[in-house]
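Taking it in order: structure first as structure tokens, then the write-up.
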Amino acid sequence: MYRHFFKRLIDFILALSILVLTSPIILLVIIFLGIANQGNIFFIQSRPGKNGRVFKILKFKTMNDKKDASGNLLPDEVRLTIAGKFVRKTSLDELPQLINVLKGDMSLIGPRPLLVSYLPLYNDYQKRRHEVKPGITGWAQVNGRNAISWNKKFEYDVWYVDHLTFILDFKILVMTVLKVIKSDGISSDTSATMELFTGTGNNELCD
């Protein structure tokens, strides 16, 4: 009952409440990012949701669009602005996704929506992460976020799909708040963002 009805109801009520309560903060972020990014405030990208259905995710834009002499975007860590670094560190960049939750594209809790280009790379096990709606935060995020390997992240995602309950969602929500306060797992060891997923080439989860 929770998975099919109450989860959506709770998502809507909480997302709307958080948007109202954080509206002054959202306004400040819009002003500072507008200055830092020369007017480019939002990051909009196609992401796969439940059952692989593609939707447009909305986030605050934390990196500028500076390019090298050849017209290629500079590395992520170079394009990450001071304002963007703060917004990302405090996870404020995720707030616009509350609109995705209100629309029903996402849930507050669930596997993070990844890139559409990853869809053909998933093995049968990894595809199971799309059996539920993606979330703003999830079991993988409170267990390492960008600081863990892809295989471990998928393991956590599928485990969540198999064990989804109200108690688990509440636990993840509390752990997320603590993670945000500590700023744990924002980056991997080698990049400002998670390295690109290139596939495993088989249908087994590797450690």
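In the stretch 8-25, the count of residues that are surrounded by fewer than 21 Cβ atoms within 10 Å (Cβ to Cβ), among the acidic types (Asp, Glu) and more than 13 Å from the chain's Cα centre (by Cα) is zero.
Considering every residue within the stretch 50-72, establish whether at least one is farther than 21 Å from HIS130 by Cα, modelled with pLDDT of 95 or more, in a helix (DSSP H, G or I) and not hydrophobic (A, V, I, L, M, F, W, C). No, that holds for no residue.
Scan the stretch 144-179 for residues that are among the β-branched types (Val, Ile, Thr) and touching a residue at least 12 places away in the same chain (Cβ under 8 Å) and the total you get is 6. Condition first: free of Cβ contacts under 8 Å to residues at least 40 places away in the same chain, open to solvent by less than 50 Å² (accessible area, probe 1.4 Å), more than 30 Å from PHE32 (Cα to Cα) and part of a helix (DSSP H, G or I). Can you find one or more residues in the stretch 125-141 that meet it? Yes; the residues of the stretch 125-141 include at least one that is free of Cβ contacts under 8 Å to residues at least 40 places away in the same chain, open to solvent by less than 50 Å² (accessible area, probe 1.4 Å), more than 30 Å from PHE32 (Cα to Cα) and part of a helix (DSSP H, G or I).
The values are calculated or read from the model by the stated rules, or taken from the named source; none is laboratory data. Since the structure is predicted, the reported quantities are computational estimates derived from the model, not experimental observations. Cβ sites come from the backbone with ideal geometry, for glycine too, and all protein chains shown count toward neighbours. When the accessible area is computed, the model is the full protein with side chains, heavy atoms only, and any ligands, DNA or RNA have been set aside. Shrake-Rupley method; radii C 1.70, N 1.55, O 1.52, S 1.80 Å.
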